[in-house]
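The values are calculated or read from the model by the stated rules, or taken from the named source; none is laboratory data. These figures come from a predicted structure and were not determined experimentally. Every residue, glycine among them, receives a Cβ derived from its backbone with ideal geometry; neighbour counts consider all protein chains shown. Only protein heavy atoms, including side chains, enter the accessible area calculation; ligands, DNA and RNA are left aside. Shrake-Rupley method; radii C 1.70, N 1.55, O 1.52, S 1.80 Å.
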Amino acid sequence: YVAAVYEHESILSPNPTALVDRQSALELMGRNLDIYEQQVVAAARQGAQIIVFPEDGIHGFNFTRSSIYPYLDFVLHSQSVKWNPCREPYLFNDTEVLQRLSCMALKNKIFLVANLGTKEPCEHTDPHCPSDGRYQYNTNVAFNDDGMLVATYRKHNLYFEYAFDTPPEPDYKLFDTPFAGKFGMFTCFDILFFEPAVNLIRQYNLKQIVYPTAWMNQLPLLSAVEFQQAFATAFNINILAANIHHPTLGMTGSGIYTPVKSFIYHNMEGYGGKLIVAEIPVTTTDYKTSSEKTAGRVSEKGSEQLPPLFYAEMMYDNFTFVPVWGEKGEVQVCANTLCCYLNYRRAVLTDELYALGVFDGLHTVHGTYYVQACALVKCGGLSFSTCGHEVTDATALIDLQLWGNISTPYIFPLLLTSGITLDFADHMGWKNNHYFISKNRTAAGLLTAALYGRWYEKD
């Protein structure tokens, strides 16, 4: 099927904490919706059957609970009411944004997924009802090609979004399409947690996911395109991921992903939006896994000098590292219960420092979640203290095999190359209670090769 995602540079309120009236809010949102409309037309012209827009794309961000209120549309989250906002605009008040989105889908005969702020009044008898008498949600909406509202999803894992409430229970939301079957949806930070993202995919055996996001890139392990790709590979699914484009805030990175191929956009230099349209297979074939002869314990050769262990902070976590020196070799490094092993050979010896790092613990900055990671990274310079820095360019081409005795089945294989481009492992899978990836020479210089394990039970 043909899918489209649009990375949108949103027109933002100059002062998001200021209180404005509904009319001014609609005016600002209207300017973003005008751009959406042009992109829907362009996508439909290229044969797209579905288009996905990013999180916060219509209203922006950094609101307070009261300042976002004029920007919120009313949405009924019950699935019992069948409603076409374009054809029946009179059914509910404060649904101007929904009406416009619905009409775009209808006019262009395309499925459309977008993110907006929504409100729902609640009774004071409801123990969860906020003191101002309403729920405010970060919401994805999906419309079919007739403009019908077919699904609404309320973001569960809020990322410092004080304007919004967490829904009482996680939403598991899907919608059906004639061209690719069922699509599930979740938003941004949700991708790092079991609920609802992983549970949704497993319960409904989904192969297609739509994913609006407003993601701030964090190298070396959580760049948007890097993690989106790893997620598609780990779950053997297709992901349509639309990110916002604000390079000054570190926000870029969208794509259409299958487990074996990606169509991505990552641009920290240019301004303006970007439409990606790609044709992808409906069914994902199982990723090739094979057993590799060398994936075993590294033998301890007593006489050899072991490289020094050192510690450095990477993405706010205290990693234990060992340098990866020379043209080829085998190294290992352990922390807590986790041991990571690397077998490597460099095509040409460059003057770049690489290190193999391990972290097995609770990540506690900007969210709390348990990580088990084995990561080969290019350091920022030649001193140990630069390992874990954000690096975007590399020249070393490396043959590698990386494995670890990771305790969780949820492992995201990361393979990031120079200029924030993606590569794919040749083989991956379990062998002797170790998970491994292997790669014969990346297409570009290696930035990160990692196994990012999420041990959800220990969150």
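Points worth noting:
- Solvent-accessible area, 1.4 Å probe, carbon plus sulfur percent, for the chain: 52
- Sequence-separation-based contact order of the chain, relative, with Cα cut under 8 Å and 6+ spacing, percent: 12
- Backbone amide hydrogens, once placed in the peptide plane, bring Gly57 within less than 5 Å of Asn115, excluding anything fewer than 5 places away on its chain.
- Sum of side-chain charges, Met314 neighbourhood, beta-carbon under 15 Å (Lys, Arg +1; Asp, Glu -1): -4
- Using C-alpha pairs below 8 Å separated by at least 6 residues, the relative contact order for the range 310-458 is 24 percent.
- Using alpha-carbon coordinates, inclination of helix 96-108 to the longest axis of the chain, degrees: 80
- Normalised size of the range 324-378, defined as Cα radius of gyration per 2.2 N^0.38 Å with N residues, equals 1.36.
- When the charge dipole of the chain is built from unit charges on Cβ atoms (+1 for Lys and Arg, -1 for Asp and Glu) and taken about the Cα centre, the candidate among Phe436, Thr118, Gly253 whose Cα reaches farthest toward its positive end is Phe436.
- Across all Cα atoms of the range 44-176, the radius of gyration (one decimal) and Dmax (whole number) stand at 14.8, 51 Å.
- For the pair the range 188-241 and the range 320-357, the centres of their Cα atoms are 28 angstrom apart.
- Most tightly packed first, judged by the mean number of other beta-carbon atoms within 10 Å of their residues, the peptides 441-450, 76-85, 23-32, 39-48 read 441-450, 39-48, 23-32, 76-85.
- The figure for Met268 is an accessible area of roughly 80 square angstrom, using a 1.4 Å probe on the protein chains alone.
- For the chain, the spread of Cα positions along each principal axis, largest first, Å: 81, 45, 40
- Dipole moment magnitude, nearest 20 debye, the range 1-52 about Cα centre, only Lys, Arg, Asp, Glu C-beta charged: 120
- When the charge dipole of the range 2-279 is built from unit charges on Cβ atoms (+1 for Lys and Arg, -1 for Asp and Glu) and taken about the Cα centre, the candidate among Val20, Leu72, Ile58 whose Cα reaches farthest toward its positive end is Ile58.
- Simple point charges give the picture: +1 on the Cβ of Lys and Arg, -1 on the Cβ of Asp and Glu, and for the range 1-153 a dipole about the Cα centre of about 320 debye.
- Principal-axis tilt of helix 224-235 within the chain, Cα atoms, nearest 10 degrees: 80
- Centre separation in Å (Cα based) which lies between the range 361-375 and the range 15-86: 33
- By the Cβ distance rule (another cysteine Cβ under 4.7 Å), the unpaired cysteines of the chain are Cys188.
- Each Lys and Arg contributes +1 and each Asp and Glu -1, all at the Cβ; summed about the Cα centre of the range 310-458, the dipole is approximately 320 debye.
- Computed with a 1.4 Å probe over protein heavy atoms only, the accessible surface of the range 1-100 comes to 43 Å² per residue.
- Beyond 13 Å, the tail of the calculated P(r) for the range 129-200 holds 67 percent of the Cα pairs.
- Between 0 and 90°, nearest 10: helix 22-45 axis offset from the chain longest Cα axis: 60
- Here the contact order of the range 160-270, divided by its residue count and restricted to Cα pairs under 8 Å and six or more residues apart, works out to 18 percent.
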